[in-house]
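One structure is given here, and the rest of the page talks about it.
The values are calculated or read from the model by the stated rules, or taken from the named source; none is laboratory data. These numbers were taken from a predicted model, which means no experiment stands behind them. Cβ coordinates were reconstructed from backbone atoms using ideal geometry, including for glycine residues, and neighbour counts include every protein chain displayed. Areas reflect the complete protein model, heavy atoms only, side chains present, ligands, DNA and RNA absent. Shrake-Rupley method; radii C 1.70, N 1.55, O 1.52, S 1.80 Å.
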Amino acid sequence: MSDERTYSILEARGLSAGYGSGDAIRNVNMHFYDKRITAIIGPSGCGKSTLIRCLNRMHEEIPGTQVRGVVALSERNIFHMDPVRLRRQVGMVFQRPNPFPTMSIFRNVAAGLILNGLRGERSLAEVVETSLRQAALFDEVKDKLDQPALNLSGGQQQRLCIARALAVEPKVLLLDEPCSALDPIATAKIEELLLQLKDQLTIVMVTHNMQQAARVSDWTGFMLMGELVEFGRTDEIFTTPRDPRTQDYITGRFG
Amino acid sequence: MSKGGAVAGLTERAGDRLFRYGVLCAGLAVVGLAAALALELASGSRLAWSEFGPAFLWSSSWNPVSERFGALPFLYGTLVSSALALAIAGPLGVGSAIFLAELAPRRISDACCFFIEILAAVPSVVLGLMGIFILVPGVRAVSPFLIEHLGFLPFFRGTPYGVGMLTAGLILSIMILPYITSISREVLLSVPRPLKEAALALGATRWETVRLVSLPYARSGILGAVFLALGRALGETMAVTMVIGNSPRISASLFDPAYTMAAVLANELAEATSDLHLHALMAIAGTLFMLTLGMNALARWMILGTPTARRRP
Ligand SMILES: Nc1ncnc2c1ncn2[C@@H]1O[C@H](COP(=O)(O)OP(=O)(O)OP(=O)(O)O)[C@@H](O)[C@H]1O
Ligand SMILES: [Mg+2]
């Protein structure tokens, strides 16, 4: 099973991870195709966040975690890479919008660039504007770039966080339930935005919302109790799932 | 509502009222005590203020025999020794707090913090004794080196007696270090995890995360800790009296003996015979009171200003 028109940029092979006592995810094998959106769905506590955090080694920031197996980014094992370098290529957006509270809107987007150093001859202001446009936020904030980021609404803050992640030009963007703290309108905006971003980068998204997965993703993985039960094209997963447990979950027959 | 319920409601309300008045009285007692103290200091010092006027604060003679009194040498000694302590303990304390909060494993961090808090509990006479037996000879031993290499600065000239401003600053820095470290650590630990993760996910190193997120977020709290420590240093009496040399003069050299407001109160209050001398001492006490009060108010205001109640969506 593969995507003929693209290639697998990120891949988990035999990936297990846990928090000290036992594994939270077990033996996950999964491909993430370049310039496609992959959704990870499953009931609460099944290990979606654990899996997505492993993909840019953010799980290491929680003391006592362990991991086995391989995650390969363009065929390089990320566990042998410098985590700082890795995270510049594999960005992350979290469940709750977390803009830097002490900084302005502009500084928030520029933060990663200031850390990593500006590439090419583009100016900071240009990159900030481009990133805000990509995140479909520029028109709403262009007159108040120097205001505190916390003055924005929740949905705007989340798009600001996406802009912040985009500014360092990652190859892969990981989103862990990016819409769960937002209302339907803000959610729709983010979904639209993800579909636009798909031209430029690979997106991996955890979601609780099956309609959302069906609407935006090309590929879907269904997890249950730490295992990847089924992985396939989104339309196939939602119309003709091969595993009865997937069938139960997507039809809402799950406890 | 049943009869029983009504009665219960009534007694509950009575208890409520009793509690309210009790708490109110306790609160008023504290305020009253502070007011009484201020009043006593004011009336006990009125002779000095009427004799010398505000010039009392910037006159530098202190002579109980000729009855000339000015607070400047003590003000100078208090401010300079405290500033010195802050210059030493500030960077050290904040640095170790960053280490304990951000880099050290939690268990080691907690253990270190326990010992640091023990340091804060050491009585100041004991620290003063340590100062006499360790710091004074230590300063005497290293001062020739300082004089030789940094002697071009006015701070490092003169005769090193061992006792003096530098020793006082050192002992004060030991006393305030625990405050700065443990409060700053606490403030740094309260930086929300999602913010740090946001920085890390952007490809920030540990240190960059501290600089980008933790320090700006914790800034006002850390400043508060520093000012709280400063308030403590300004009022510290025993340990300083034991090592500062107790000589009311103003000298740029840190090796020279000096005097602080708290120290002169401790030394002379019991022996003051003339009314004017007594009132001059009370005037110094009042000045010190205002100084530490202001410093504590500033500290509290800054700690309360920590952005914890920020808007979250
Ligand atoms: N910090 C942690 N320490 C210990 N165990 C954890 C920690 N985080 C998660 N776990 C455990 O790991 C398992 C998977 O958690 P994970 O957060 O990956 O689930 P999830 O699918 O993201 O759930 P949700 O949909 O509620 O976010 C759970 O059983 C959870 O109890
Ligand atoms: Mg989760």
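For Cα pairs less than 8 Å apart in space and 6+ apart in sequence, what is the mean separation divided by the residue count of chain A, i.e. the relative contact order in percent?
26 percent.
Can you compute the modelled spin-label distance between A:R122 and A:D248, with each label point 7 Å from Cα toward Cβ, in nm?
4.8
How far apart, in nm, are the 7 Å Cα→Cβ label points at B:D275 and B:E40?
2.0
For segment B:198-208, in order, what is each residue's ³J(HN,Hα) by Karplus, 6.51 cos²θ - 1.76 cosθ + 1.60 with θ = phi - 60°, in whole Hz (x at glycine and Pro)?
My calculation for segment B:198-208 gives 4, 5, 4, 5, 7, x, 8, 7, 3, 5, 5 Hz in order.
Going by amide H atoms built from the backbone, whose H comes under 5 Å of the H on A:Q95, apart from near neighbours?
Residues meeting the amide H criterion: A:D176.
List residues of segment A:223-254, by number, whose backbone nitrogen lies under 14 Å from a label position 7 Å along Cα→C-beta of A:Y7.
The answer is none.
Residue by residue through segment B:37-50, which ³J(HN,Hα) values in whole Hz follow from phi under the Karplus form 6.51 cos²θ - 1.76 cosθ + 1.60 (θ = phi - 60°), with glycine and proline marked x?
Listing the rounded values in order: 4, 4, 4, 4, 5, 5, 6, x, 10, 4, 4, 5, 5, 6 Hz.
Would you calculate a helix-derived [θ] at 222 nm for chain A, using -39,500 (n - 2.57) for each DSSP H run of n ≥ 4 and dividing by the full residue count, to the nearest 500?
Calculated from helices alone, the mean residue ellipticity at 222 nm is -10000 deg cm²/dmol.
Working with all protein chains in place, sort A:D183, A:D248 by solvent-accessible area computed with a 1.4 Å probe, largest first. Provide the component values of the computation, followed by the final result.
Numbers: A:D183 85, A:D248 50 Å².
Accessible-area ranking of A:D183, A:D248, largest first: A:D183, A:D248.
Angle between the Cα long axis of helix A:105-116 and the longest principal axis of chain A, 0 to 90 degrees, nearest 10?
Once rounded, the angle reads 70 degrees.
Leaving out ligands, DNA and RNA but keeping every protein chain, what accessible area does B:M130 have, in Å² rounded to the nearest 10, with a 1.4 Å probe?
90
Could you check the spin-label model distance between A:D183 and A:E60? Points 7 Å from the Cα along Cα→Cβ, value in nm.
Once both label points are built, they end up 4.1 nm from each other.
Cα axis of helix A:154-167 to longest principal axis of chain A: angle in degrees, 0 to 90, nearest 10?
Orientation of helix A:154-167: about 90 degrees from the principal axis.
Mind grabbing the interface size between B and A? I mean buried accessible area, both sides, 1.4 Å probe, in Å² to the nearest hundred.
Roughly 2300 Å².
What angle do you read, to the nearest 10 degrees and between 0 and 90, between the alpha-carbon axis of helix A:184-197 and the longest principal axis of chain A?
90
Can you grab the distance from the C-alpha centre of segment A:194-209 to the C-alpha centre of segment B:35-103, Å, no decimals?
The two parts, judged by their Cα centres, are 63 Å apart.
When only Cα pairs under 8 Å and 6 or more residues apart are kept, what is the percent relative contact order across segment B:48-311? Spell out each step's value before the answer.
Working: 403 pairs, mean separation 74.5, N = 264.
Answer for segment B:48-311 is 28 percent.
Just the C-alpha atoms of chain A: what Rg/Rh do they give, with Rh taken as the Kirkwood radius?
The Rg/Rh ratio comes out at 0.96.
Averaged over B:201-214, how many beta carbons belonging to a partner chain fall within 10 Å of each residue's beta carbon?
Mean partner-chain Cβ count within 10 Å for B:201-214: 6.
Hand me the tally of lysine pairs in the protein assembly as shown: alpha carbons under 30 angstrom apart, and the pair either on different chains or 8 or more positions apart.
Lysine pairs, 8 or more places apart or on different chains, close enough: 24.
Dividing the alpha-carbon radius of gyration of segment B:8-74 by 2.2 N^0.38 Å (N being the number of residues), what value is obtained?
Dividing the Cα radius of gyration by 2.2 N^0.38 Å gives 2.10.
So what is the calculated 222 nm ellipticity per residue for chain B, using -39500 (n - 2.57) for each DSSP H run with n of 4 or more, over all residues, to the nearest 500 deg cm²/dmol?
Counting only the DSSP helices, I get -23000 deg cm²/dmol.
Taking loop as defined by DSSP and a crowding limit of 10 other beta carbons within 10 Å, which GluC sites (Glu not before Pro) in segment B:216-313 fit?
Those that pass, being in a loop and sparsely packed, are B:E271.
Mean 1/r over all different Cα pairs, inverted: what Kirkwood radius does segment A:49-182 give, in Å?
Its Kirkwood hydrodynamic radius stands at 15.6 Å.
Evaluate the relative contact order of segment A:80-186 (contact order divided by residue number), counting alpha-carbon pairs under 8 angstrom at least 6 apart; express in whole percent.
49
Using only protein heavy atoms and a 1.4 Å probe, report how much of A:K171 is accessible, in Å² to the nearest 10.
It works out to around 90 Å².
In a Gaussian network model over chain A where Cα atoms closer than 10 Å are linked, find which of A:P97, A:P63, A:P170 has the largest mean-square fluctuation.
A:P63
Set the Förster radius R0 to 25 Å, insert the Cβ-Cβ distance between B:T205 and A:Q200 as r into 1/(1 + (r/R0)^6), and round the FRET efficiency to 0.05.
For B:T205 and A:Q200, the calculated efficiency is 0.40.
Can you give the average number of partner chain beta-carbon atoms within 10 Å of each beta-carbon in peptide A:85-96, as a whole number?
Mean number of neighbouring Cβ atoms from other chains: 3.
What is segment B:48-311 by shape, rounded, prolate or oblate, if you read a ≥ b ≥ c off the alpha carbon gyration tensor as root eigenvalues and call it rounded for a/c under 1.5, prolate for a/b larger than b/c, and oblate otherwise?
Note, shape of segment B:48-311 comes out prolate.
Among B:G231, B:G70, B:G15, determine the one that fluctuates most according to a GNM of chain B built with springs between C-alpha atoms less than 10 Å apart.
Of the options given, B:G15 has the highest mean-square fluctuation.
Mean-square fluctuation check for chain B, GNM, Cα pairs under 10 Å: which of B:P160, B:P192, B:P178 is largest?
Comparing B:P160, B:P192, B:P178 in a Gaussian network model of chain B, the most mobile one is B:P192.
Per residue of segment A:70-75, in order, report the coupling 6.51 cos²θ - 1.76 cosθ + 1.60 (Karplus, θ = phi - 60°) as ³J(HN,Hα) in whole Hz, putting x for Gly and Pro.
10, 10, 10, 10, 6, 6
What translational diffusion coefficient, in µm²/s and rounded to a whole number, does the Stokes-Einstein relation yield for the protein assembly as shown at 25 °C and a viscosity of 0.890 mPa s, taking the hydrodynamic radius as the Kirkwood radius over Cα pairs?
This corresponds to a translational diffusion coefficient of 86 µm²/s.
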